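The values are calculated or read from the model by the stated rules, or taken from the named source; none is laboratory data. This one's a predicted model, so the numbers in the text were calculated from it and none came from an experiment. All Cβ positions, glycine included, derive from the backbone under ideal geometry; neighbour counts span all protein chains shown. Please note that ligands, DNA and RNA were not included when accessible areas were found on the heavy atoms of the full protein model with its side chains. Shrake-Rupley method; radii C 1.70, N 1.55, O 1.52, S 1.80 Å.
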Amino acid sequence: MPFSVTSPQLATVTVERLTVRRGNRTVLHELSLSFAEDSITAVVGPSGVGKTTLMGALNGLLRPSDGAISMAGIGRLDEAGTLREARRRTATVFQNHALIDRLSALDNVLLGLADSRHPLSPLPWPRALRERAARALDEVGLLGRATTRIDRLSGGERQRVGIARALVRCPRLLLGDEPFASVDPALARRLAEEFRRLVARGGLTVILVLHQLQMARTLADRIVGLADGRVAFDGPAAAFDAAAENRIFPSHAPLDGQGPVSP
Amino acid sequence: MTAIPTTSKDAELAAVLDDGRRRVLSGVATTVVLVLVIAGAFAYANAFDLERYRGAVSTILTLAADSFPPDFSRWQLWGRPLLETLAMSIAGTVLACMAALPLGILAARTIGPTWCGAPIRLLLNTVRSIPGLVWGVIFVAAVGFGPLPGVFALACHSTGMLGKFYAEILEHVDPGPGDALRSQGVSRLGVLRFSVVPQILPRLVDVTLYRWEHNVRAATVLGVVGAGGLGLEIITAFHLFEYREALALIIVLLGLVTAIDFLGAWIRGRFLRQE
C-alpha cells in the first residue's frame with residue numbers, strides 16, 4: 001500500500017483500492033491513499049476527474065463498488081454501524097452549499113448538530129447548542145447575519161454558513177468540496193488560516209478539493225493530483241511544481257491525446 | 001479544439017440543426033393534435049348545436065329576476081347551519097391532513113420505501129375518484145344525518161387530493177440539505193424532520209389552506225344528501241322555489257368563503273415571514 005511520504009503520523013483515513021462507479025462510468029479506479037492526522041491535504045485535478053466523487057465516498061454518500069475505506073479507531077466503513085460512527089466524527093462543506101433557503105443562518109448552522117437531538121423531539125434547540133452555533137458563525141465573520149434568511153445572503157456568505165455548519169461539529173475529519181470557491185481571495189486566506197489553526201490545535205484531518213492551485217500550495221501540507229480517476233501526483237505541497245501541474249492539467253494537449261505537450 | 005477534423009465537426013453541426021428542425025415539427029404536430037382533441041370535446045358535448053341555446057338566456061334572466069332582491073328575513077335561523085358548515089370544513093380538513101401526511105410520505109418516490117409507493121398512490125387515486133357526494137351518502141347511512149357524516153365525507157375525499165399533493169411536494173424537495181445531514185450520520189427520520197419538513201412547510205400550509213377553503217364549498221354541497229349545514233338550507237329554499245332566500249344564503253356562503261380566504265392569506269403571511 002503506497003503510504004504518503006509526508007505522513008509519519010497515524011493515518012486517520014485510509015482508502016484501499018477504492019473504485020466508484022456513477023451510472024455506467026467508472027469515476028475512480030482502484031484509488032489507494034491515506035490521510036494523516038493533523039494535516040491538510042488538497043485534492044486537485046481537472047473538472048470531472050472524480051474529486052467530488054472522492055468526497056462523496058469519504059462521507060458515505062456514494063457507495064464504493066469495490067475497495068474499502070477505513071477510519072482510525074473505527075475500522076472499515078462497510079457496515080451501517082461503523083459508517084454511522086465515522087459520520088458522527090465527519091463534517092463536509094459542500095460545493096453547492098446544501099443549505100435550507102428559508103431558514104436563518106443560525107438555524108442552518110444548528111443543522112450541523114442535528115445528530116445530537118432526537119428527531120421527534122418537539123423542543124426548541126437548547127441554549128447551549130444555539131450558543132455553539134452562534135460562535136461558529138462568529139468564526140466565519142457572520143455573527144451579524146445570524147438571523148438573516150439564507151436566500152437573502154450572497155454566494156460568499158452562504159459558503160461561509162456552510163463552513164460554519166461543518167466547524168460547529170468539531171469534527172475529526174473535515175471534508176471540503178471547493179470550500180472557498182465563492183469567497184473573495186482575502187476572506188479565503190483568512191478562512192484558510194482558521195483551518196490551519198484548527199489543525200495545529202490537533203486531532204483534525206482536513207481534505208479539501210481546491211481548484212485554486214496557489215491556495216493549494218500555500219494552505220495544504222500535501223497535494224494529491226487526480227487525473228483520469230487515478231492518482232497522478234502525491235507529495236508535499238512544495239513538490240507540486242510546474243511539471244506536476246502540467247501532468248495533471250494537460251491544457252495544451254490535444255483532446256484525444258495521451259500525454260501532456262511540453263509548453 | 002484543433003484536434004477535431006473539420007468534416008466531423010460539420011456533421012455534428014448538421015446534427016444539432018437537424019435536432020432543431022425535429023423539435024419544430026414535433027411542436028406543430030402536438031399543437032394540431034391538441035386543437036383536434038379540444039374541438040372534439042366541445043363537439044361531443046353538443047356545444048356547436050345552436051338549437052340548444054334557444055331560450056337559454058331568457059330563462060336564466062327570469063331565474064335571476066325571481067331571486068331579486070335577496071331575502072334575509074329568516075337570518076336568525078342561519079347561525080346554526082353556518083357553524084355546522086364551518087365545523088365540518090375544519091374537522092374534515094384536519095382529519096384529511098393527518099391521514100394525508102403519512103400516506104404522502106409513503107407515496108413519495110424519493111422518500112418512502114419503493115415497494116409501497118405504487119399501492120399507496122393507487123389508494124389515493126381511488127379515494128379521490130369516489131365523488132364527495134357518494135362519500136356523503138355512505139357516511140349518512142353509517143352514522144346518521146347531521147354534520148358528522150359531512151366531516152368524514154370531506155376527510156375521505158380530501159385525503160386523496162392532499163396525499164397526492166403532499167407526495168408531489170415531497171418529491172420536489174431539494175435533496176442537498178438532506179444529503180448534508182446524512183453525511184454527518186443523521187437517520188432518515190432526522191432528515192425528514194430537520195431538512196424536509198422545514199423546506200416544505202410553507203407549501204404544505206398553502207395546499208392545506210386551499211383545501212380548507214374548498215371544503216367550505218364542498219360542505220355546502222354535502223347538505224344535499226343530508227349532511228346538514230348551509231347547503232341543506234340552500235337546497236330546501238330551492239325546492240320550495242324560494243329563490244330570493246336561496247340567493248341570500250349564497251351571499252352568506254360567499255361571505256364565509258371570502259373571510260376564510262383572508263384568514264388563509266394572513267396565516268400564510270405569518271408563516272412565510274421568518275425573521
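Observations
- Conditions (1) on the phi > 0 side of the Ramachandran plot; (2) touching a residue at least 24 places away in the same chain (Cβ under 8 Å): number failed by B:G55: (2)
- Inspection of the range B:72-90 finds no residue satisfying the criterion of being touching a Leu at 6+ places or on another chain (Cβ under 9 Å), modelled with pLDDT of 90 or more and of a type in the set (V, I, T).
- Residue pairs whose Cβ atoms lie under 7 Å apart, sitting 6 or more positions apart in sequence or on different chains, and linking a residue in the range A:204-216 that is touching a residue at least 24 places away in the same chain (Cβ under 8 Å) to a partner that is of a type in the set (K, R), are A:L204/A:R172; A:T205/A:R172; A:V209/A:K51.
- The condition (being more than 14 Å from the chain's Cα centre (by Cα), open to solvent by less than 70 Å² (accessible area, probe 1.4 Å) and closer than 24 Å to B:V196 by Cβ) is satisfied by just one residue among A:A188, A:A133, A:A164: A:A133.
- Only one entry in B:V127, B:V134, B:V140 is buried (at least 19 other Cβ atoms within 10 Å of the Cβ) and closer than 22 Å to B:G231 by Cα, namely B:V140.
- Residue check, A:T53 in contact (Cβ under 8 Å) with a residue 12 or more places away in the chain and not basic (K, R): yes
- Of the residues making up the range A:57-86, those that are among the hydrophobic types (A, V, I, L, M, F, W, C), modelled with pLDDT under 90 and in contact with a helix residue (DSSP H, G or I) (Cβ under 9 Å, 6 or more places away or on another chain) number 2.
- Check on A:A181, open to solvent by 20 Å² or more (accessible area, probe 1.4 Å), within 15 Å of A:F94 (Cα to Cα) and not assigned by TED's automatic domain parsing to the domain that holds A:L99: yes
- Residues that are touching a helix residue (DSSP H, G or I) at 6+ places or on another chain (Cβ under 6 Å) and assigned to a helix (DSSP H, G or I) within the range B:103-132 comprise B:L103, B:G104, B:L106, B:A107, B:C116, B:G117, B:I120, B:R121, B:L124, B:V127, B:R128, B:G132, listed in sequence order.
- The range A:86-103 - residue that is within 7 Å of chain B (Cβ to nearest Cβ) and not in a loop (DSSP other than H, G, I, E, B) and, of those, farthest from the chain's Cα centre (by Cα): A:R88
- Any hit, the range B:212-232, residues being more than 14 Å from chain A (Cβ to nearest Cβ), touching an Asp or Glu at 6+ places or on another chain (Cβ under 6 Å) and crowded, with 21+ Cβ neighbours inside 10 Å: yes
- The range A:141-167, residues that are over 12 Å from A:D107 (Cβ atoms) and part of a loop (DSSP other than H, G, I, E, B): A:G141, A:L142, A:L153, A:S154
- Filtered residues of the range A:57-74 (kept if open to solvent by 50 Å² or more (accessible area, probe 1.4 Å) and hydroxyl-bearing (S, T, Y)): A:S65
- For B:F72, the test of being surrounded by 10 or more Cβ atoms within 10 Å (Cβ to Cβ), more than 14 Å from every other protein chain (Cβ to nearest Cβ), in a helix (DSSP H, G or I) and of a type in the set (F, W, Y) is failed.
- For first residues located in the range B:176-192 and of a type in the set (S, T, Y), partners that are open to solvent by 10 Å² or more (accessible area, probe 1.4 Å) and lie 6+ apart or on another chain with Cβ distances below 7 Å form the pairs B:S183/A:G60; B:S183/A:L61; B:S183/A:R87; B:S183/A:T92; B:S187/A:P119.
- The range A:64-85, subset of a type outside the set (D, E, K, R) and free of Cβ contacts under 8 Å to residues at least 40 places away in the same chain, residue nearest to the other protein chains (Cβ to nearest Cβ): A:L83
- Some residue of the range B:236-252 being farther than 27 Å from B:I130 by Cα, within 10 Å of chain A (Cβ to nearest Cβ), open to solvent by 50 Å² or more (accessible area, probe 1.4 Å) and of a type in the set (D, E): no
- With respect to the conditions (1) under 19 Å from B:A87 (Cα atoms); (2) open to solvent by 20 Å² or more (accessible area, probe 1.4 Å); (3) modelled with pLDDT under 85, B:E275 lacks only one, and its number is (1).
- Applying the criterion of being of a type outside the set (A, V, I, L, M, F, W, C) and in a helix (DSSP H, G or I) to the residues of the range A:191-223, the residue that is least open to solvent (accessible area, probe 1.4 Å) is A:E194.
- Candidates A:L61, A:L111, A:L153, A:L120 - the one that is at the interface with chain B (Cβ under 8 Å from one of its Cβ atoms) and over 20 Å from the mean Cα position of the chain (by Cα): A:L120
- Subset of the range A:4-56 [open to solvent by 10 Å² or more (accessible area, probe 1.4 Å), polar (S, T, N, Q), closer than 24 Å to A:L204 by Cα and at pLDDT 90 or above]: A:T14, A:S32, A:S39, A:T52
- Only one of the numbered conditions (1) outside any helix (DSSP H, G or I); (2) touching a Lys or Arg at 6+ places or on another chain (Cβ under 8 Å); (3) not assigned by TED's automatic domain parsing to the domain that holds A:D184 is not met by A:P124, and that is (2).
- Selection status of B:L170, within 30 Å of B:V140 (Cβ to Cβ) and either more than 8 Å from chain A (Cβ to nearest Cβ) or basic (K, R) (or both): no
- Counted residues, the range B:174-183 - those being at the interface with another protein chain (Cβ under 7 Å from one of its Cβ atoms) and either aromatic (F, W, Y) or open to solvent by 10 Å² or more (accessible area, probe 1.4 Å) (or both): 3
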